[in-house]
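K.L.:
What follows is a single structure, and I will ask about it in a moment.
The values are calculated or read from the model by the stated rules, or taken from the named source; none is laboratory data. Just so you know, these numbers come straight off a predicted model, no measurement behind them. Neighbour counts are summed over all protein chains in view; Cβ atoms, including those assigned to glycine, are modelled from backbone coordinates with ideal geometry. With ligands, DNA and RNA removed, areas are computed over all heavy atoms of the protein, side chains included. Shrake-Rupley method; radii C 1.70, N 1.55, O 1.52, S 1.80 Å.
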Amino acid sequence: MAYGCVLLVMSFRSSSVTVGLERAPHRSLLKALGIIDEEMSRPFVAVVNSWNEVVPGHIHLDKVAQAVKAGIRLAGGVPFEFNTIGVCDGITMGHEGMKYSLASREIIADSIEVMVEAHRFDGMVMIPSCDKITPGHLMAAGRIDIPTIVVTGGPMLPGFVDDKMRDLISVSEGVGAYQSGGISKREIYELEEGACCGAGSCAGLFTANTMAAMTEALGFSLPGCGTVHAVDAKKMRLAKMSGMQIMNLIKHGVGARSIADRRSFENAVMVDMAIGGSTNTTLHLPAIAREFGVSLPLSTFDELSRRTPHLVNLRPGGSNFLLDLERAGGIHAVMERLSSKLHTDTSTVTGKTLGENLREFVIINPKTNKEIIATLEEPLHGEGGIAVLKGNLAPGGSVVKQSAVSEKMLVHAGPARVFESEESCMKVIMMGDITPGDVIIIRYEGPKGGHGMREMLSPTAALAGAGLIESVALITDGRFSGGTRGPCIGHVTPEAADMGPIALVEDGDLIEINIPERTLNVRLDAETLKEREENWKPPERELKGYLARYQKMVSSASNGCVIE
C-alpha cells in the first residue's frame, strides 16, 4: 500500500529517492532514521539550521528549528534538519580569526548546495543569524532554486548598564574611553558584564540585523520576522507558520527565483538606505543577486541612495535600538513609509505581493511608529545611509555609512597616517598617538591582501571611545563592522594587494574626502604616483589551507568578493 502511495508523488524532487523498486535500499536507509511508509509519499523539507554553541545569535536556533519542524509536520511535510557553520564576528574581531569570517560565506553556500542537492529535498526552511551566515544561506537559495523560506534568528535585547540601554558597541567604544581616561576600570567591567544580555544578534543595526531586514525586504521571510527579537515568543510562532507556509510553496512549485528578481533587490537596497544599514550590504546583496541571475553593481547603491531618504535613526549612527524599530512596526513599517518608491508588485513567500502584504499591515503602536520612523516629507537625511566615493585613491569605488558621519566630517582634508595592518594601527591608537585632523590609512586588509577582508571595529570603536570620531577619518581596503560609526571609508578598490593607489600613499600625503560630492582623493599628481608604483613591493605573508585557496579565487570588493 505504501509503495502505491509513493507512485503519486513523481513530481517531487524527493521521488528520485523514494519511488520505485530500485529505491528499496534508499527507503531502507530512510527507515533507519525512523521514517515510516506514510511519510515516503510526502514532501521532504530541509531545515537548514546554523545553530551552534559559539555564537550568541545562534544559541537559541535549536528551539526555532523545533518550531519550524512542527509547522512542517502540521502541514503534511517531512522535515530533515542539518547544520551549517557560523562565525561570530564579535569574537573574531581584531585578530587573525577575523580573516575567516567573510570567507565562511562561500563555504556556507556550498555546503547547503551539497546537502540539498545530494538528498533531493523538495523545499527548505533556512534558519540563519549573524553577519555572513544569512548571506550564505540566501546565496544557496538562489543557486538551488527550490521553494525556500528564511526564519532569521532575531536581535538580542539591549543590556542595561549605568541606567542606559547598552550593546556590544558600548563595550568596544568603552575600550577607547578607558584608555583615554574617560571611564574607570570598574565601568568598563560593568559594560563587559551587562551589555550583551543573552541570545540573539547584537542589539543595534549592525550587519546581522541589517541582513535580517534585507531578507524580509527581499520577500523571503514572513512579515515581521526581521526585527522580532530572539527571546520573543512571536519568533517561535513565525517559525511554526514558516514551516507550514513552505508546504504551500512546494505545492505550487514556487522556487526561490520566483520570489526575488531585479526589482526585489532594488527594494532591499532602498530599505537599506532608509534604515541606515551596514556597509557590508554592498558586499552581500551583489553576491546574493548573482546567485539569482541578477546584476547588482556598486553604482546601484549610490543611485538609489541619492533618491531614498534616511528615515530611521538606529545604533550605531543613532540612539535607538532594534527593539525600538520592532515596537514601531519593524521592516514592514519602513516599507509602508517607502511604498511610493518601492516595487510593490514583487512576490513574497506569503503567496501575495509586497503591496498586498502592506495593505494588510496594521500599525499597533502609532505613537512609537511616528517617533522612530520619519516620513518622506520630513526625513532624517535627504539621502540614504550609504554613499559610494570614487577618485584617484579609489578608482573602483569605496563605501561609507554617511548617515553615521558627523556633518563637520562630511568634507575633510588631512595628512595620511599609513599602517600596513589593523594591528599596527590599533597599537598606535591605544598609545594615544593619533592627532585630530589625521586621516588613518589601513591597507593590505582587502579580500586578497588581507586574506579575508577583516572588519575594523576595534580601531573605529577605539577612536570613538577616545573622542576622535569627529576629527579623525579612517580609510581602508578592508571593511567595517555594521557597528562602526564616523568618517570610516572602506572597500577601497583596487585594493593595495592589486597595486591600487592606496598602496602608494605615504605618511603626510594630503587626503581629501568629500562625501556630498562622492570623491576620495590623495593630492598627488599622476607622475608621482607612477614613480611610486615602479618602486612598489607588496608585503610577503605566508598563507595555507582555505585562505590560500580563497585568495586565489576571490574577486574585488566592488564585485561583492564573490568566488570567480
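K.L.:
Taking the mean number of other Cβ atoms within 10 Å as a proxy for protection, how do you rank 329-336, 514-521, 198-205 from highest to lowest?
P.N.:
Output ranking for 329-336, 514-521, 198-205: 198-205, 329-336, 514-521.
K.L.:
Per DSSP H run of n ≥ 4, the term is -39500 (n - 2.57); total these for the chain, divide by its residue number, and report the mean residue ellipticity at 222 nm rounded to 500 deg cm²/dmol.
P.N.:
-11500 deg cm²/dmol
K.L.:
So which aspartates and glutamates pass the test for Lys537, namely a Cα distance under 15 Å, with those fewer than 8 places away in the same chain ruled out?
P.N.:
Glu420, Glu495, Asp498, Glu506
K.L.:
Quote the relative contact order of the chain in percent (integer), defining contacts as alpha-carbon pairs under 8 Å separated by 6+ residues.
P.N.:
The normalised contact order for the chain reaches 14 percent.
K.L.:
Take the Cα atoms of the chain, build their convex hull, and give its volume per residue in Å³. Before the final figure, lay out the partial values.
P.N.:
Values: hull volume 80.4 nm³, N = 564.
That works out to 143 Å³ per residue.
K.L.:
Pop out the Kirkwood hydrodynamic radius of the stretch 69-209 from its pairwise C-alpha distances, inverse of mean 1/r, in Å to one decimal.
P.N.:
Here the Kirkwood hydrodynamic radius works out to 17.3 Å.
K.L.:
Give or take rounding to whole Å, what are the principal axis extents of the alpha carbon atoms in the stretch 86-146, in descending order?
P.N.:
41, 17, 15
K.L.:
To continue, here is another question. What would the Debye formula give as log10 I(q)/I(0) at q = 0.26 Å⁻¹ for the alpha-carbon point model of the stretch 122-186, no solvent?
P.N.:
Computed log10 I(q)/I(0) values: -1.08.
K.L.:
Between Thr519 and Met499, what length comes free when the chain is fully extended (0.36 nm per residue of separation minus the Cα-Cα distance, one decimal in nm)?
P.N.:
Using 0.36 nm per residue and subtracting the Cα-Cα distance, I get 5.2 nm.
K.L.:
Any chance you could give the angle, 0 to 90 degrees and rounded to 10, that helix 262-275 forms with the longest Cα principal axis of the chain?
P.N.:
The angle comes out at about 50 degrees.
K.L.:
By how many degrees, between 0 and 90 and to the nearest 10, does the Cα long axis of helix 233-251 differ from the longest principal axis of the chain?
P.N.:
Its long axis makes an angle of about 60 degrees.
K.L.:
Quote the Stokes-Einstein diffusion coefficient, in whole µm² s⁻¹, for the stretch 500-564, based on the Kirkwood radius over alpha carbon pairs, a temperature of 10 °C and a viscosity of 1.306 mPa s.
P.N.:
107
K.L.:
Can you tell which of Met98, Thr215, Leu283 lies farthest toward the positive end of the dipole of the chain, using +1 and -1 charges on the Cβ of basic and acidic side chains (Lys, Arg; Asp, Glu)?
P.N.:
Final value for the positive-end residue is Thr215.
K.L.:
Nothing charged except the Cβ atoms of Lys and Arg (+1) and of Asp and Glu (-1): what's the magnitude of the dipole of the stretch 1-113 about its Cα centre? Round to the nearest 20 debye.
P.N.:
On the way: 10 positive and 12 negative charges, 70 e Å.
Dipole size: approximately 340 debye.
K.L.:
Rounded to the nearest 20 debye, what is the charge dipole size of the stretch 94-140 about its Cα centre when +1 sits on each Lys and Arg Cβ and -1 on each Asp and Glu Cβ?
P.N.:
100
K.L.:
Kindly express, to the nearest 10 degrees and within the range 0 to 90, the angle between helix 207-218's C-alpha long axis and the longest C-alpha principal axis of the chain.
P.N.:
Tilt relative to the chain: about 50 degrees.
K.L.:
Further question: Once you put a point 7 Å from the Cα of Ser319 and another 7 Å from the Cα of Leu21, both along the Cβ direction, what distance in nm separates them?
P.N.:
Inter-label distance under the simple model: 7.7 nm.
K.L.:
Going down the list Lys99/Lys448; Lys99/Lys530; Lys63/Lys240, which pairs span over 21 Å between their C-alpha atoms?
P.N.:
Where the Cα-Cα span goes over 21 Å, the pairs concerned are Lys99/Lys530.
K.L.:
With N set to the number of residues, divide the alpha-carbon radius of gyration of the stretch 224-351 by 2.2 N^0.38 Å and report two decimals.
P.N.:
Working: Rg = 15.6 Å, N = 128, 2.2 N^0.38 = 13.9 Å.
Ratio of Rg to 2.2 N^0.38 Å for the stretch 224-351: 1.12.
K.L.:
Here's something else I'd like to know. What nm distance separates the two modelled labels at Val114 and Leu376, each placed 7 Å from Cα along Cα→Cβ?
P.N.:
It works out to 4.7 nm between the two label points.
K.L.:
What is the spin-label model distance, in nm, from Val411 to Val362 if the labels are put 7 Å beyond Cα along the C-beta direction?
P.N.:
Output for this residue pair reads 5.1 nm.
K.L.:
Under a point-charge model restricted to the Cβ atoms of Lys and Arg (+1) and Asp and Glu (-1), what is the dipole moment magnitude of the stretch 222-282 relative to its Cα centre, in debye to the nearest 20?
P.N.:
300
K.L.:
Roll a 1.4 Å probe over the protein chains and send me the accessible area per residue for the chain in Å².
P.N.:
38
K.L.:
Which values of log₁₀ I(q)/I(0), to two decimal places, follow from the Debye formula for the stretch 207-286 at q = 0.27 Å⁻¹ with a uniform point scatterer at every Cα?
P.N.:
-1.24
K.L.:
Another question, if that's okay. Given N residues in the stretch 425-464, what is Rg(Cα) / (2.2 N^0.38 Å)?
P.N.:
1.25
K.L.:
Per residue, how big is the convex hull around the C-alpha atoms of the stretch 362-519? Give it to me in cubic angstrom, could you?
P.N.:
Numbers: hull volume 20.8 nm³, N = 158.
Per-residue hull volume (Cα only) is 131 Å³.
K.L.:
In whole angstrom, how far apart do the alpha carbon centroids of the stretch 320-374 and the stretch 267-319 sit?
P.N.:
The stretch 320-374 and the stretch 267-319 have Cα centres separated by 17 Å.
K.L.:
Report the Cα centroid-to-centroid distance between the stretch 150-224 and the stretch 498-564 in angstrom, as an integer.
P.N.:
A separation of 32 Å, based on Cα centres.
K.L.:
Which of the aspartates and glutamates could be linked to Lys370 by a straight reach, that is with a Cα gap under 16 Å, when you skip same-chain ones fewer than 8 residues away?
P.N.:
Asp324, Glu326, Glu336, Glu378
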